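Only one structure is covered here, and it is reproduced in the block below.
The values are calculated or read from the model by the stated rules, or taken from the named source; none is laboratory data. Being a predicted model, the structure only gives us computed values, none of them experimental. Counting neighbours? That spans all protein chains shown, and the Cβs are built from the backbone with ideal geometry, glycine included. Areas reflect the complete protein model, heavy atoms only, side chains present, ligands, DNA and RNA absent. Shrake-Rupley method; radii C 1.70, N 1.55, O 1.52, S 1.80 Å.
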Amino acid sequence: MKKLIIAAACCLPLAAGAQKAPQLGKTSIDKVVKAMTLEEKASLLIGTGMAGMSGNSAVVGATQDLVPGAAGTSRPVERLGIPAIVLADGPAGLRIQPIRKDDPNTYYCTAFPVATLLGSTWNTELVTNVGKAMGNEVREYGADVLLAPALNIHRNPLCGRNFEYYSEDPLLTGKITAAMVNGIQSNGVGTSIKHFAANNQETNRTANDAIISQRALREIYLKGFEITVKESQPWTVMSSYNFLNGTYTSESRDLLTTILREEWGFKGLVMTDWFGGKSVPAQVHAGNDLMMPGIPTQTEAIIQAVKDGTLSEADVDICVKRMLELIVASPRFQKYAFSNKPDLKAHAEVTRSSASEGMVLLKNNANALPLAASIKSVAAFGITSYEFIAGGTGSGDVNRAYTISLTDGLNNAGYKLNTEVSAWYTQYIAAEKEKNKPDPNNPFAAFMNKKRIEEIVPCPDFLTKQAKASDAAILTIGRSSGEFTDRHVEGDFKLTPEELSLMANVCKAFHAEGKKVIVILNIGGVIETSMWKELPDAILLAWQAGQEGGNTVADILKGQVNPSGKLPMTFPVSYMDAASSKNFPYDYVLDQKSLFANFMGGKEKKNEVRNVDYTAYEEGIFVGYRFFDTFGKQVSYPFGYGLSYTKFDYSNPSVKETKDGYQVAVTVKNTGSVAGKEVVQLYASAPTTSLVKPEKELKAFVKTKQLQPGESQTLSLTIKKGDLASFSEARSAWIADAGTYQLKLAASSRDVRQTLEVSLPAEVLVEKVHDVLRPAKPIAEIKPAK
């Protein structure tokens, strides 16, 4: 059947007369749609597939004729002047093939900081600038749409792709994502915000049914997408793999048409995640316009469904029109002469400087940092000091030219490394790499998590000797994760016994000599810290900072940069403290066969294994700090927390009512001795009503400029009355209750500096919405004690 369809399409120019066919761009899109055959329409909605089934191409896709290594392309219709466009991966930078056959040139891309680090900057202007650099590489390498940014909520600390996402809070997520989209799209290329929606675990991701209340969906899991759509108008949205309340998201008209388009006003295109969903006719009817990467049987399914009357050709035409609108906007259609030579050197500087604002200083006893001028010689411990992790694995990885390790960065900053320690680690790492070479017969080997080299603990005499010979110790803890699997508690969230022993022994040896120990966390997601955080003198959360990571860390250690990052999520005392943990597959392990199946879509919905086949979001709206602060749970580090090398004072708070909300002002003064930046967080605490509400919720934030010692800046934060609303399931509406609201100006969710009050004399019905996406059965959500 497929060969006959393709042959017929090829003969169309001869039968109809190619010179008489309307051409895209020279006539209206409506006329082009009208001139298309059903076969042409169906083929336009299905990608061109993936080249080969070996090596990376089995997973990443290959578009060898256009941009080698890109994730996929659309299908051209030459008769009507419709070209193919290129879609490429890229949450942390463009992902394409760096080496091409019979080509001496290289096509490396910049590995920018991971999303979690950018979320930790709380700086929308900075993120926009990162987006501008990233989008420039997309344009100059000939791609049209970047499959990024990703903005799912950090529902649970163990989600394998949390490093690709920004925060546990939907407001911070939405604002940072919108800034990134605006930056990327300023280059005239598109973005695809993903994964819409509720893709909050990787375990069984193509068949898991996320069962979520309407309120939790609206307030937590959809809000970031809503903010992004309204503030940046991304060209495309990518539907997620999972079911949502019983229906695949790519087949949910309630999600993709009713909410996304009718309620939010989204004008762009929706595409599937690769192999996502099952029924193509259902996807087209739902408003999922493009099926990627594309399988020939999907084209046939559309044609057959129209012919047998189970799918309206009008639905097909709507998707085709949106597809043509995307193509017309693309650089390829505009015949942009891409250079293949973006300014990688300039973008490396963007990476280095932006990463410094997202690194979070968690601890700094007795001003251990920045390192004193007297410190010249440093002993670097921990495997990851030498094997620095630039980013996560899978589609969030970037084929970069280099990665600056921590030891590289220390050398570049002028520190002398303890050569005995360095040689000891270098030899061990080389031997372990030789022993653990990836299996060439495993198509996932280069795409998934590489096996972590186990930490080793030097003998006490060796440590005592190095403590005498060095001025300070730096110990790096590393973690990586990626697609397909979620993280685990033992040896991942928790430190391994070897890591704990190394930490204790290094601290003991160096402290005995009166010398400092600095811990660097080169991680992509939350780990346990309460068990060991009292041991070192300082802890710097460096995240995964991209290819310049080691230089950025050295800039902070030396004091050339004052860290100003704040946590975009909560660090719990223990894993099970997180409200979602009992409803997360923290103890589930996929075998190799299931791992491959986890990549391919089109599964039947099952309700057999809890947290695998289905996941009940019984924590409701109580995600992250909303849970910990409302229920009075002790945390290791609260949401919004982050230290500085200086101190800041908050004064002169004021609030003024405006036409549709409130204008809040506060003066921030640098009361310390070095220049720095501060993030002011504005939370609201709502009056008590019949609707259960969190103790506080983030409603606005702003970052100061670089304040010199003694310098002040008056900041302004805006809240609309609608921002005070909660979602009422009974009324299918956003409602701001009457009563007194406390507005809390804070340095973290648990460090409130100033409090103001505003009152609503009467209830405000902010917006009435559709009663959709209701779970089949009510969810037994947790509630705080009154």
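Name the pairs: first residue in the stretch 693-705 and more than 13 Å from Phe631 (Cβ to Cβ) and free of Cβ contacts under 8 Å to residues at least 60 places away in the same chain, second residue of a type in the set (Asp, Glu) and crowded, with 20+ Cβ neighbours inside 10 Å, Cβ to Cβ under 6 Å, at least 6 apart or on different chains?
Thr704/Glu678
Among the residues in the stretch 240-251, are any buried (at least 23 other Cβ atoms within 10 Å of the Cβ), part of a strand (DSSP E or B), out of contact with any Leu (no Cβ under 6 Å at 6 or more places or on another chain) and not hydroxyl-bearing (Ser, Thr, Tyr)?
Within the stretch 240-251, one or more residues are buried (at least 23 other Cβ atoms within 10 Å of the Cβ), part of a strand (DSSP E or B), out of contact with any Leu (no Cβ under 6 Å at 6 or more places or on another chain) and not hydroxyl-bearing (Ser, Thr, Tyr).
Report the residue count in the stretch 755-772 for those that are closer than 22 Å to Leu217 by Cβ and either at pLDDT below 95 or touching a strand residue (DSSP E or B) at 6+ places or on another chain (Cβ under 7 Å) (or both).
Total satisfying the criteria: 6.
Look at the stretch 167-218 and say how many of its residues are touching a helix residue (DSSP H, G or I) at 6+ places or on another chain (Cβ under 8 Å), aliphatic (A, V, I, L, M) and part of a strand (DSSP E or B).
1
Somewhere in the stretch 657-679, is a residue among the β-branched types (Val, Ile, Thr), touching a strand residue (DSSP E or B) at 6+ places or on another chain (Cβ under 9 Å), farther than 28 Å from Leu117 by Cβ and not in a strand (DSSP E or B)?
yes
Of all residues in the stretch 383-407, which are within 26 Å of Glu498 (Cα to Cα), surrounded by fewer than 24 Cβ atoms within 10 Å (Cβ to Cβ) and among the small types (Gly, Ala, Ser)?
The answer is Ser405, and nothing else.
Against the condition open to solvent by 10 Å² or more (accessible area, probe 1.4 Å) and free of Cβ contacts under 8 Å to residues at least 12 places away in the same chain, how does Thr257 come out, does it pass?
no
Just for strands (runs of 3 or more DSSP E) wholly inside the stretch 697-736: which have at least 1 residues that are among the acidic types (Asp, Glu) and on the phi < 0 side of the Ramachandran plot?
697-703
With the checklist (1) under 26 Å from Tyr588 (Cβ atoms); (2) assigned to a helix (DSSP H, G or I); (3) open to solvent by less than 10 Å² (accessible area, probe 1.4 Å) in hand, flag the one item Gly524 doesn't pass.
Gly524 satisfies all of (1) under 26 Å from Tyr588 (Cβ atoms); (2) assigned to a helix (DSSP H, G or I); (3) open to solvent by less than 10 Å² (accessible area, probe 1.4 Å) except (2).
Between Lys3, Lys26, Lys31, which is open to solvent by 60 Å² or more (accessible area, probe 1.4 Å) and at pLDDT below 95?
The unique qualifying residue is Lys3.
Mind listing whichever residues of the stretch 607-666 are touching a Gly at 6+ places or on another chain (Cβ under 8 Å), open to solvent by 30 Å² or more (accessible area, probe 1.4 Å) and under 18 Å from Arg753 (Cβ atoms)? Don't jump to the end; show me each part of the working.
Restricting attention to the stretch 607-666, the residues satisfying the condition of being touching a Gly at 6+ places or on another chain (Cβ under 8 Å) are 625, 639, 642, 644-648, 660-661.
Restricting the remaining residues to those that are open to solvent by 30 Å² or more (accessible area, probe 1.4 Å) gives 645, 647, 660.
The answer is Lys647, and nothing else.
Looking at Ser167 and the list (1) buried (at least 24 other Cβ atoms within 10 Å of the Cβ); (2) touching a Lys or Arg at 6+ places or on another chain (Cβ under 9 Å), which single condition is not satisfied?
For Ser167, the failing item is (2).
Does Leu717 satisfy the condition of being under 15 Å from Ser759 (Cβ atoms), surrounded by 19 or more Cβ atoms within 10 Å (Cβ to Cβ) and out of contact with any Lys or Arg (no Cβ under 7 Å at 6 or more places or on another chain)?
Here the answer is no, as Leu717 does not meet what is asked.
Looking at the stretch 370-409, which of its residues are basic (Lys, Arg) and farther than 22 Å from Phe510 by Cβ?
Answer for the stretch 370-409, where residues must be basic (Lys, Arg) and farther than 22 Å from Phe510 by Cβ: just Arg400.
Return a yes/no flag: does the stretch 364-377 have any residue that is crowded, with 22+ Cβ neighbours inside 10 Å and in contact (Cβ under 8 Å) with a residue 12 or more places away in the chain.
From the stretch 364-377, those crowded, with 22+ Cβ neighbours inside 10 Å are 369, 371; that's our starting set.
Subset that is in contact (Cβ under 8 Å) with a residue 12 or more places away in the chain: 369, 371.
Yes - at least one qualifying residue is present in the stretch 364-377.
Considering (1) more than 28 Å from the chain's Cα centre (by Cα); (2) modelled with pLDDT under 95, say which one Ala337 fails and leave the rest.
(2)
Just checking, does the stretch 319-335 include any residue being within 26 Å of Arg452 (Cβ to Cβ) and in contact (Cβ under 8 Å) with a residue 12 or more places away in the chain?
No: the stretch 319-335 contains no residue that is within 26 Å of Arg452 (Cβ to Cβ) and in contact (Cβ under 8 Å) with a residue 12 or more places away in the chain.
Can you tell me which of (1) among the polar types (S, T, N, Q); (2) open to solvent by less than 10 Å² (accessible area, probe 1.4 Å); (3) within 26 Å of Asn199 (Cβ to Cβ) is the one Thr552 doesn't meet?
Of (1) among the polar types (S, T, N, Q); (2) open to solvent by less than 10 Å² (accessible area, probe 1.4 Å); (3) within 26 Å of Asn199 (Cβ to Cβ), only one is false for Thr552: (3).
Given the conditions (1) crowded, with 22+ Cβ neighbours inside 10 Å; (2) assigned to a helix (DSSP H, G or I); (3) among the hydrophobic types (A, V, I, L, M, F, W, C), and given that Ile227 satisfies all but one, which numbered condition is not satisfied?
Against the list (1) crowded, with 22+ Cβ neighbours inside 10 Å; (2) assigned to a helix (DSSP H, G or I); (3) among the hydrophobic types (A, V, I, L, M, F, W, C), Ile227 comes up short only on (1).
Hey, can you tell me all the residues within the stretch 288-321 that are surrounded by 21 or more Cβ atoms within 10 Å (Cβ to Cβ) and at positive phi?
Selection gives Gly294 alone.
Lys132 versus (1) of a type in the set (D, E, K, R); (2) surrounded by fewer than 24 Cβ atoms within 10 Å (Cβ to Cβ); (3) touching a residue at least 60 places away in the same chain (Cβ under 8 Å): which is the lone unmet condition?
Against the list (1) of a type in the set (D, E, K, R); (2) surrounded by fewer than 24 Cβ atoms within 10 Å (Cβ to Cβ); (3) touching a residue at least 60 places away in the same chain (Cβ under 8 Å), Lys132 comes up short only on (3).
Could you say which residue among Lys194, Lys175, Lys223 is more than 20 Å from Lys267 (Cβ to Cβ), among the basic types (Lys, Arg) and within 16 Å of the chain's Cα centre (by Cα)?
After applying the criteria, what remains is Lys175.
Of all the residues that make up the stretch 624-650, how many are within 23 Å of the chain's Cα centre (by Cα) and assigned to a loop (DSSP other than H, G, I, E, B)?
Of the residues in that region, 6 qualify.
Please find, within the stretch 737-751, the residue that is nearest to Pro687 (Cα to Cα) out of those that are open to solvent by 60 Å² or more (accessible area, probe 1.4 Å) and not in a loop (DSSP other than H, G, I, E, B).
So the residue we want is Thr740.
Which residues, counting only those in the stretch 759-786, are open to solvent by less than 60 Å² (accessible area, probe 1.4 Å), part of a loop (DSSP other than H, G, I, E, B) and within 27 Å of Ser685 (Cα to Cα)?
Within the stretch 759-786, Ala762, Val769, Ile779, Ile782, Pro784 meet the criteria.
Would you check which residues across the stretch 92-123 are among the hydroxyl-bearing types (Ser, Thr, Tyr), open to solvent by 10 Å² or more (accessible area, probe 1.4 Å) and part of a loop (DSSP other than H, G, I, E, B) and list them?
Within the stretch 92-123, Tyr107, Tyr108 qualify.
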